[in-house]
Amino acid sequence: MMSINLPLSVQIAFAGIALLLCIASCLSIMLQRRRPERNYNELRQRVRTWWIIVAVFAVAVLINRTTSVIVLGLISFLAFKEYLSLIPTRRADHRVLFWAYLAIPVQYYWVWAGWYGLFIIFIPIYVFLWLPMRMLLIGETQGFLRAIGTLHWGLMICVFSLSHMAFMLVLPAENNPGGGSMGILIYLIFLTEINDVAQYLWGKSLGKRKIVPKVSPNKTFAGFWGGVFSTAALAVLLAPWLTPLTRIEALGAGLLIGVAGFVGDVTISALKRDLGVKDSGSLLPGHGGILDRLDSLTYTAPLFFHYIYFLHY
């Protein structure tokens, strides 16, 4: 098992994230006390949840890379399990679900082995073609399209999309002398979180015009643009420390993460609204489910990965 020696910039990043979370925790308490007529519970819940996520992630990466990949694989498993708990499945498909769950450790094995060719096609091609065939062998055609469609989409967002975060850990560290492979992952997660919080704060402060009222009534144009531009500015500022991106490339990455984070958020919101549920689960007491907190990453992780992979790997 190979240990991970964290670059100085990554150590500073962890310390900076902890400091920012402390500030965010204090601000959320102050805002509630100064403006008791407003509801800041959502902000406080998000800050507390990210404390948990950062703590678990920090412990994992401080041990070794193998542990990090296992932890991220477990997160995919929990997200997929939570997703299936929301979606009605046919009784006949229970045997097919075995193969869907089996795809998770196999997908993360390709990550651990650094086998990019199989990592990128295993779920979108092999698993996508195998599951319908296995479902057909059962002989139940009623509801076939809905069953296979929901299963495929769940694997895409909960396993394939999120596994891109793990693959960042096995990218060649020499391509990013400042932050190594860990720096790229920290960059993605930090900007995704900042985008989430910034959109909420800008929306609360200046938001009036709704952007997708039927999907997420609290989302506003002011929140969206404020979050995107805040994320883009931070992306340019942090890029030299954690990534190999130039300033122009970092600006593009920030805009990409800002927009993709918003789309991921409202996509999971649309899913929950369609199913008539407020939260995707209760894995994190008082905070909802794991999909409620990883919704933005289901979009930002794969898009940012391929953006930086194309430019520098």
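Read-outs: derived from the displayed coordinates by stated rules, not from any lab. Note that the structure is a prediction, hence the values are computed from the model and not measured. Here the Cβ is made from the backbone with ideal geometry for all residues, glycine too, and neighbour counts use every protein chain on show.
Classify segment 57-117 from the C-alpha gyration tensor, please: rounded if a/c falls under 1.5, else prolate or oblate depending on whether a/b exceeds b/c. Oblate, because a/c is 1.5 or more while a/b does not exceed b/c.
Remark: relative contact order (the chain) = 19 percent; criterion is Cα-Cα distance under 8 angstrom and separation of 6 or more residues. Of the cross-linked pairs K81/K210; K81/K214; K81/K278; K81/K204, those separated by over 23 Å at the C-alpha level are K81/K210; K81/K214; K81/K204. Just checking the listed ones, D295, D196, D93: in the Gaussian network model of the chain with Cα springs under 10 Å, the one fluctuating most is D93. Remark: the Cα gyration tensor places the chain in the oblate category, a/c being 1.5 or greater and a/b not exceeding b/c.
For the peptides 95-108, 222-235, residues were scored by their other Cβ atoms within 10 Å and the scores averaged per peptide; the highest-first order is 222-235, 95-108. Once you have a ≥ b ≥ c as the square roots of the Cα gyration tensor eigenvalues for segment 87-207, tell me rounded if a/c is under 1.5, and otherwise prolate or oblate according to whether a/b is larger than b/c. It comes out oblate by the Cα gyration axes.
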